[in-house]
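Single-structure report; data block below.
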Amino acid sequence: MRILLTNDDGIGAPGLWALAGELVKVGDLVVAAPGEERSGAGTAISLRKPIWVQQVASQVEGAQAFSVSGTPADSAILAISCLFPGEFDLVVSGINRGSNLGHDVYVSGTVGAAMQGFLHNIPSIAVSMYAYVDIDFTIAARVAALMARRVGAGELSAPMLLNINVPNLPASDIAAIDVTRISRKNYCDRIEKDYDSSGEYFIITRNEELDDAVPGTDLWAVEHGRISVTPLPDRAVSAQFIAALERIVPSVHAELRGTAS
Ligand code: MN
């Protein structure tokens, strides 16, 4: 199978290459990612503006890598529609530094890039770490690769968009993999105001989570040491698809912990 890997933290991000190292074992891997960090870009595309694509050295042997001057979604679109048209069987986005939970899926560039795969009828997976510091990407990379193998084996059918969030724990401490729905987790926007020679300007930063972590949600899962797998977008997900996912995730968990029979 041919896999497209992208992200929103940029082509140099360690999470991207940790994931590349596992996905290159699953299929023919192409990495196409923004040249700079574009977190929070959501599904934005650079309409009617020039975008430059440059082939760069891959940090993983056997993969091809491209740096894109646009957004995460631009990177996915160009790879899918221009660089390798009709060739991808799977799109993976991540591994993001920091979670993409609850209402954040609507502003996440990680999810936004994966959304482009979904919109092109390619099975797509977004992967994020529920941590910002001292991150070990190993488990998230392995989970993504295990899910990719199941997509390749036809155990999950297109169209699909999975949003995976992984707690920063060793495999032995991962309690389960839950199929979840998005919580109402959100951030408060914090606006800083300052002045320069051209006048007043604003900087948006985000903090202070507003939580609604009830069982069954993505936030509850990661807060309880579990990997969250959320099928998106909500209204497009059938009961049959959720049932297929729920059949698959226990075996992924067993393989992750090395307890598969
Ligand atoms: Mn990011």
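Candidates in the stretch 1-11 are the residues that are of a type in the set (A, V, I, L, M) and in contact (Cβ under 8 Å) with a residue 60 or more places away in the chain; of these, the one that is farthest from the ligand (Cβ to nearest atom) is Met1. Only one of the listed residues (Leu219, Leu156, Leu169) is hydrophobic (A, V, I, L, M, F, W, C), modelled with pLDDT under 95 and out of contact with any Ser or Thr (no Cβ under 8 Å at 6 or more places or on another chain). That residue is Leu156.
Restricting attention to the stretch 33-44, and to residues there that are under 17 Å from Ala13 (Cα atoms) and within 13 Å of the ligand (Cβ to nearest atom), which single residue is modelled with the lowest pLDDT?
So the first thing to find is which residues in the stretch 33-44 are under 17 Å from Ala13 (Cα atoms), and the list is 33-41.
From the residues that got through so far, the ones that are within 13 Å of the ligand (Cβ to nearest atom) too are 33-34, 36-41.
Details: Ala33: 98, Pro34: 98, Glu36: 97, Glu37: 95, Arg38: 95, Ser39: 92, Gly40: 88, Ala41: 93.
For the stretch 33-44, the residue satisfying everything is Gly40.
Of all residue pairs spaced 6 or more apart or on separate chains, those with beta-carbon atoms under 6 Å, a first member in the stretch 114-136 that is without any contact (Cβ under 8 Å) to a residue 40 or more places away in the chain and over 25 Å from Ser81 (Cβ atoms) and a second member that is away from the ligand (no atom under 14 Å from the Cβ) and in a loop (DSSP other than H, G, I, E, B) are Ala131/Asn168. Is it the case that some residue within the stretch 194-212 is more than 23 Å from Ala41 (Cβ to Cβ), more than 16 Å from the ligand (Cβ to nearest atom), out of contact with any helix residue (DSSP H, G or I) (no Cβ under 6 Å at 6 or more places or on another chain) and in contact (Cβ under 8 Å) with a residue 60 or more places away in the chain? Looking for residues that are more than 23 Å from Ala41 (Cβ to Cβ), more than 16 Å from the ligand (Cβ to nearest atom), out of contact with any helix residue (DSSP H, G or I) (no Cβ under 6 Å at 6 or more places or on another chain) and in contact (Cβ under 8 Å) with a residue 60 or more places away in the chain, one finds at least one in the stretch 194-212, hence yes. Scanning the stretch 213-261 for residues that are in a loop (DSSP other than H, G, I, E, B) and not hydroxyl-bearing (Ser, Thr, Tyr) yields Ala213, Val214, Pro215, Gly216, His224, Gly225, Arg226, Pro233, Val237, Arg257, Gly258, Ala260. Scan the stretch 12-32 and give yes if some residue there is closer than 18 Å to Ala145 by Cα, basic (Lys, Arg) and more than 14 Å from the ligand (Cβ to nearest atom), otherwise no. Yes: one or more hits. Confirm whether Arg48 is of a type outside the set (Val, Ile, Thr), within 14 Å of the ligand (Cβ to nearest atom) and either crowded, with 23+ Cβ neighbours inside 10 Å or part of a loop (DSSP other than H, G, I, E, B) (or both). Considered against the rule, which asks whether it is of a type outside the set (Val, Ile, Thr), within 14 Å of the ligand (Cβ to nearest atom) and either crowded, with 23+ Cβ neighbours inside 10 Å or part of a loop (DSSP other than H, G, I, E, B) (or both), Arg48 comes out as no. Tell me yes or no: at least one residue of the stretch 179-199 is modelled with pLDDT of 95 or more, under 14 Å from Val252 (Cβ atoms) and either not acidic (Asp, Glu) or not in a loop (DSSP other than H, G, I, E, B) (or both). Within the stretch 179-199 (the criterion being modelled with pLDDT of 95 or more, under 14 Å from Val252 (Cβ atoms) and either not acidic (Asp, Glu) or not in a loop (DSSP other than H, G, I, E, B) (or both)), the answer is yes, since at least one residue qualifies.
The values are calculated or read from the model by the stated rules, or taken from the named source; none is laboratory data. Predicted model, so just to flag it, every value in this text is computed and none were measured. For neighbour counting, all protein chains shown are included, and Cβ atoms are generated from backbone atoms with ideal geometry for every residue, glycine included.
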